[in-house]
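Okay, structure first, notes after.
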Amino acid sequence: MDVQSALNTMHTRLKLVAFVHFILIVLALESVWLPSSYLFYNLLFLIALFWAVHSRESTDAVQISAVINGFSFFFDLLGIILYFPTHGIISAVFAILNLCVRPFSLLLLQRELSDRGGSFEFGSGSSGRVGDLPTSYEDIDAPHQQTPSHGQVNVGIFK
């Protein structure tokens, strides 16, 4: 299987993103120079990625993974600049590699999100109410208004 076909396969690209970031995060944390926040937000990112891999239809899981990944880029940059080590350079190299891979994984997450039918638009035209979002759910208990057809008259006893 070549890389291009793996990147075009819906669920394989999420697994690839999770695997690459997992390896780079583990290798970056082999030294003690990074702050504990690095572990925290990267752990949240990996949990969101595993959720997206598990929930194959969920656009929320991919969207949350992408948002965490976007913020993590800036957190990584800040952590590397502020805490760059005098020893443990190998760990710093993997943290920098993880930082460099983030924009590419964000593009892959965006592609995954569009393949699942979602987008990065938050609250586009909806007020947060349940009835605002299109859904395939049909409430069978709700009364339906029947319209009279040609030549028929609906006579209601209880009005």
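Just one of the numbered conditions (1) among the basic types (Lys, Arg); (2) open to solvent by 70 Å² or more (accessible area, probe 1.4 Å); (3) closer than 18 Å to Tyr38 by Cα is not true of Arg56; which one? Here Arg56 clears every test but (3).
Among the residues examined, Leu43 qualifies as among the hydrophobic types (A, V, I, L, M, F, W, C) and exposed (fewer than 14 other Cβ atoms within 10 Å of the Cβ).
Yes or no, residue by residue, for (1) farther than 21 Å from Leu16 by Cα; (2) surrounded by 13 or more Cβ atoms within 10 Å (Cβ to Cβ); (3) more than 21 Å from the chain's Cα centre (by Cα):
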site: Leu34; (1), (2), (3): yes, yes, yes
site: Ala61; (1), (2), (3): no, yes, no
site: Ile64; (1), (2), (3): no, yes, no
site: Phe75; (1), (2), (3): yes, yes, no
site: Thr86; (1), (2), (3): yes, no, yes
site: Ser105; (1), (2), (3): no, yes, no
site: Leu108; (1), (2), (3): no, yes, no
site: Ser114; (1), (2), (3): no, yes, no
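Under the condition of being open to solvent by less than 40 Å² (accessible area, probe 1.4 Å) and either of a type in the set (Lys, Arg) or not in a helix (DSSP H, G or I) (or both), the residues counted in segment 17-32 number 1. In summary, Phe50 fulfils each of the numbered conditions (1) within 11 Å of the chain's Cα centre (by Cα); (2) hydrophobic (A, V, I, L, M, F, W, C); (3) open to solvent by less than 90 Å² (accessible area, probe 1.4 Å) with the single exception of condition (3).
Of Leu99, Leu14, Leu44, all but one fail to be at pLDDT below 95, part of a helix (DSSP H, G or I) and under 19 Å from the mean Cα position of the chain (by Cα); the exception is Leu14.
The values are calculated or read from the model by the stated rules, or taken from the named source; none is laboratory data. The structure presented is a predicted model; accordingly, all values stated were derived computationally and were not measured. Virtual Cβ from ideal backbone geometry, glycine too; neighbours counted across all protein chains shown. Side chains included, ligands, DNA and RNA excluded: accessible areas come from the protein's heavy atoms. Shrake-Rupley method; radii C 1.70, N 1.55, O 1.52, S 1.80 Å.
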